1. Restricting attention to helices (runs of 4 or more DSSP H) lying wholly within segment 278-393, give those where 2 or more residues are β-branched (Val, Ile, Thr) and over 29 Å from GLY623 (Cβ atoms).
2. For segment 750-766, what are the residues that are assigned to a loop (DSSP other than H, G, I, E, B) and more than 18 Å from HIS634 (Cβ to Cβ)?
3. Confirm whether LYS460 is surrounded by 17 or more Cβ atoms within 10 Å (Cβ to Cβ) and either within 30 Å of ALA227 (Cα to Cα) or in contact with a Lys or Arg (Cβ under 9 Å, 6 or more places away or on another chain) (or both).
4. I want to confirm something. Restricting to segment 393-409 and keeping residues that are closer than 14 Å to ALA372 by Cα and loosely packed, with under 14 Cβ neighbours inside 10 Å, which single residue is farthest from the chain's Cα centre (by Cα)?
5. Just checking, does segment 676-686 include any residue being surrounded by fewer than 16 Cβ atoms within 10 Å (Cβ to Cβ) and touching a Lys or Arg at 6+ places or on another chain (Cβ under 8 Å)?
6. Tell me the residue from LEU637, LEU673, LEU661, LEU653 that is over 51 Å from the mean Cα position of the chain (by Cα) and either of a type outside the set (D, E, K, R) or modelled with pLDDT of 95 or more (or both), please.
7. Could you tell me whether segment 143-155 includes any residue that is of a type outside the set (Ser, Thr, Tyr), in a loop (DSSP other than H, G, I, E, B) and without any contact (Cβ under 8 Å) to a residue 12 or more places away in the chain?
Amino acid sequence: MTMTAVSPLPNIAAISSAVGGGVTVITATQRLARYLVSESAQHRSSVSRFPKILSLDAWLRQEWRQQAETSETPRRLLVSSEVEALWREVISRYESQTNAFSLLQPEAAAVLAARCRASLKDHRVPVASEKVRTSFVSELDTTCFLKWLDRVDIRLKHEGWVMPEDLPELIANEKKERGSEVWFLSEEAPVPSVETALSSRFKVIRWFHSDPVESGISTTGYSTREAEIAAAATWGVRQHENGRVSAIVLADYQRDRPLLEHELRELFGSSDQAFTDLPVNFSRGIELAKVPMFRDALLLLGLIVQDLGRAELTALLRSPFFTWLDTDRNDKSAVITHLFNSKRAVFELRHVLEALGKVVPKSPLETALSAARVDRLSSLRLYASEWRDRISSLLQTAGWPSASGLDSVEYQQLELVDGLFDEIEANSLDNEPYPLTLFVSRLRSVLSEKLFQPQTDVGKLQVMSLADTTGLSFEAIRIVGATSESLPSKPSLLSFIPWEICRSYQISKIDEEAHDKVTARLIGQLSSVGEVSCTYHRISDGTAKLASRFCDLSNAEVHSVARSNKGIVAPLESIDDSAGLITNLPNQQAGGVSLLEQQASCPLKAHLNHKLGVRPLESEAEGLTPGERGGVLHEALKHLFSSLKNSDQINALTAVDREVLIEAAADEAVRGLKAPVRERVGLSALDLERQRLSGILAAWLEVEGSRDIGFTVELSEAPLEWECEGLNLSLKVDRVDRLSTGQRIVIDYKSSAGQSATDWSQSPLKSPQLPCYSQVIADVETIAIGQVSINEPGYLTLGADIGLDDADKKNKKAMDRAGVSELAGLKDQWLADLRSLVRAFVDGSGTPTPSPSACRYCHYAAVCRAHLVSDWDAEEALSGE
Ligand code: SF4
C-alpha cells in the first residue's frame, strides 16, 4: 500500500468532516492535535464525541500499550533518562574494558549514540546484515558504535525493555485489523518506520503538508542580536495591545528565549512578584538544569566530585540560594578575591574550604562542604535512596534554596524536587550502590529532561520555535533571528553512522535539502494564514551574520536604521564633585610608589586603586606571571648583591666563583616563592625560571663589572618612609650605591626598556618614583634605571657619571636637554611636583587623564568613561603606536 502526499493542509471544516466520516487524524505535534480538537468543537454535532485526532507520539504509545496489555511477555518502555543511563553504562564499561575509544566524553558519546540508534531504527536500517556491518567497520568511531549498539540491543532483549524508537517496528510486526483511512498532518514526511506502522493499521494513508513559501519574506535588519530581540518584544507588546492573535517565532529558540522573555517582562512590567502576570505563552519551557536554583545546586554537588573552573566557581559563590552569615559584609567578593589571588584556573574542594575558612569560618556553605569532605562523600557508594537523604541534608545545611526567600516561580520549581528524586530512585538500571559522581550525573540528566513552564495567564501572544507552529493560525507572525545559520536550522550530526549508510537509506536528519524544504513549508503555511515578517541581526558575539535565504532584503536597507534604544551612547552627565573622597590625615599609605606613579599617569586610576580599594580579580596563570617573574628577579639581585658588596669583589671573581654565586642567588630567589605559587606552576616551570635568572644575572654582572668608577652597594631592597603633605608613604628602594667619588646613585631595576630621561626632567613629572627617592635619601647625585635583561642590559641615568661609557654619554645629552649641570638643579622642581601630586590625591582628585600609555593596561577601562568624551581616541592611538 502506498502513501499519497497531498497539499495544502486541510482546513478545520474538512478535518471535522473527515473525522466524522471515520478518518483518524495524526499530527506531527501535540500542540496541533490539541488545537484541532479544540477548534473542531464547533462542529462537534457532526463529529464523534471523542474525535480521533492525536499526535504521532500519542498514537504510537496508545498502539503499543494495547499490544503490551495482551502480550504474554510484557515489555517495559524506557523513559529518556533510562535510555541515556543505559547508553552511558554500556559506553563506560566498553571503554574501561578496551580503552579503544577516547575521543569523546562518555556523556556526550551517549547522547550522540542514542540519536544514531533512533535514526537507524527510523529508517529501518538492517544492522544485522553483513553489508551494513561491513560499512560500520571502516572507521574507529563507527566500529565502536556498532559494538555498543550490539551490547545495548542484547541488554534490551535480556531485560525485556524497549526504547521509544522501537515502537513503530513492534506495531508493524503485529497483525491487526486495519482501519479505513488516516490523515498524517506534518510538514515532514513520516519516516519509513512510521509509514510502515501506519500501513499496518490503515488501508489508506494521506500525508498532508503545506505548499512551500514562494517569495522572500519582508525583512528588517538590526545591528545586533540584542537590538533585534528588544525590537521583537516591542512588536509583541504592540500586537497584544491591538488584540491580535500573534506569534514571535524564534529561529534559535533555546538561545533567544531567555533574552526575549526578559525584554517582554520589562515591557509588560511583570518581573518579581508579578511574575505570573505575563500575558505571553511560550511553546516550550526551560530545562530545569538551566534554572538558577537547580543550576547552583548542581554546582555545589559538582564541587564535591570534581574541580570547578573560574566561571562556575564564581556562579556558585555568588548564588543567592545559599545562606551567608552577614550579607552586608561583602564576604562573597572577599572569598572570590582570595581564591583568584592564587591565579589558578580550576579549584578543588580543599581550595574553596580554605578560602571559606579564612574569610567566613562556620558559614553554612563551609559547614556543608566540610561535612561532605569529612564524610568522604566523593568516595562512598550508596543506593539512590541513601544518596537522596545525604544530598537533601547537605543542601539544607548550605541553606539551599530559600536563603533569600523564593518568588512564586521558584516555589513552583521547588515543588518538583521530590519528583526528580523519585525518578532517580526509580531508575531500573541502578540495582547496586553507586558513587556520588553517578548520582550527580543522574540528577543532571533528569533536570535536563524536565522542562519548566511557569503557570502564567493565557494570552494572545505566543513565543514559539518554527517547528511548533505546524498547522497553527495567527494574524501576525514575526520570525526573529533569521540568519543564514539558523533558518533553516543546521542538520544534526550523526557521526557514528557511516556516510554511505546515511545516503543509501536517505536519512533525512543530515540532509540540508530536506531541512530547507520543511522550513519552506512551515513558512509557507504561516504566510497562507497571516502576515509574516522576518528580522535578522548583522553581528552576534563579534561575528558578522548574513540574512537567511528566506529573507527579502530589497527593503531591508530602509529598515536597517531601526535600532533598539539600547546600546546607544547616552550623553554623559556632569556632576560637580571637585573634591572626591578626602583623605583623613595623618595617614599611613602603603604602596607609595604605585600611588605616585598612578597619580602622575591618571589621577582616577590612583583614586580607584589607592583610595577606594577597587582592585581587579587576578587572572588565571599557568606559569609565573610577569609580576611574579619581576619579583623573583628582584630577589635574585638582592641575594647576589648581598654576597658581592662592591666593585672590587665583582672584578676579583673567578669564572667558577661567579657561576657558583649566580646559581646560588637564582636558587635562593626561586626557593623564596610562596608555596601556593610553587604548587601552581610546578617543578619544570621553576627549573626554567632558575635557568632564566642565571642567564640574566650573568649578563648583569658583565655590566656591573664594566663600570670604571668604583662603587659599594649600600642598600638593597630597603624599605623607606616619606612624609609629604601629612601622608606617610611607604616606599621600597631596589638599590643604592655609593661611588668612590662619594656620591650616591639610587637605582630602580626594570626588566624591559621603555623609559626615557625626559620623564624625569619635564614638569609635571611623568615618572615620579626615582625623583621621590632622591628626596628621601641624602647625597643622591644620580638616579638610574638598571635595565636587567639578557638582550640589552644597561643603565639609563640622570645626574653624575657612573663610569659606564654608553650610559654616561646619554646622560650628558639628557642633562643638556634638561638645562642643568647637576641633579640639584632639578630637585626643587621635583619636590614641588611631588607635593602637588600628593596634595591632589589627599584632596580626593579623581580626574581621568586618558592617554595611550596610561590606558593601555588600565584595569579600570570598564568603569571609566573618559574616552567617551575625550578627543583622544584610545583605539586609534594604540593602533598607531
Ligand atoms: S582608562 Fe585611562 S583615563 Fe580611564 S582610569 Fe584608566 S588610565 Fe585613566
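1. Numbers: elements: 292-305, 310-318, 331-340, 349-359, 364-374.
Filter on segment 278-393 gives 364-374.
2. Of everything in segment 750-766, those that are assigned to a loop (DSSP other than H, G, I, E, B) and more than 18 Å from HIS634 (Cβ to Cβ) turn out to be SER756, ALA757, GLN762, SER763, PRO764, LEU765, LYS766.
3. Values: surrounded by 17 or more Cβ atoms within 10 Å (Cβ to Cβ): yes; either within 30 Å of ALA227 (Cα to Cα) or in contact with a Lys or Arg (Cβ under 9 Å, 6 or more places away or on another chain) (or both): yes.
Against the criterion (surrounded by 17 or more Cβ atoms within 10 Å (Cβ to Cβ) and either within 30 Å of ALA227 (Cα to Cα) or in contact with a Lys or Arg (Cβ under 9 Å, 6 or more places away or on another chain) (or both)), LYS460 qualifies.
4. Within segment 393-409, the first condition is being closer than 14 Å to ALA372 by Cα, and the residues that meet it are 393-398.
Filter once more, so that each one left must be loosely packed, with under 14 Cβ neighbours inside 10 Å: 393, 396.
On the way: SER393: 30, GLN396: 28 Å.
Here the residue is SER393.
5. Checked segment 676-686: no residue is surrounded by fewer than 16 Cβ atoms within 10 Å (Cβ to Cβ) and touching a Lys or Arg at 6+ places or on another chain (Cβ under 8 Å).
6. Details: LEU637 fails: over 51 Å from the mean Cα position of the chain (by Cα); LEU673 fails: over 51 Å from the mean Cα position of the chain (by Cα); LEU661 fails: over 51 Å from the mean Cα position of the chain (by Cα).
Among LEU637, LEU673, LEU661, LEU653, only LEU653 is over 51 Å from the mean Cα position of the chain (by Cα) and either of a type outside the set (D, E, K, R) or modelled with pLDDT of 95 or more (or both).
7. So the first thing to find is which residues in segment 143-155 are of a type outside the set (Ser, Thr, Tyr), and the list is 144-155.
If we keep only those that are in a loop (DSSP other than H, G, I, E, B) as well, we get none.
No, the conditions are met nowhere in segment 143-155.
Yes or no, residue by residue, for (1) modelled with pLDDT of 75 or more; (2) within 16 Å of the ligand (Cβ to nearest atom):
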site: SER540; (1), (2): yes, no
site: SER560; (1), (2): no, no
site: PRO571; (1), (2): no, no
site: ASN587; (1), (2): no, no
site: LEU595; (1), (2): yes, yes
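The values are calculated or read from the model by the stated rules, or taken from the named source; none is laboratory data. Source: prediction; values computed, not measured. Because the Cβ atoms are built from the backbone with ideal geometry, glycine has one as well, and the counts that use them run over all protein chains shown.
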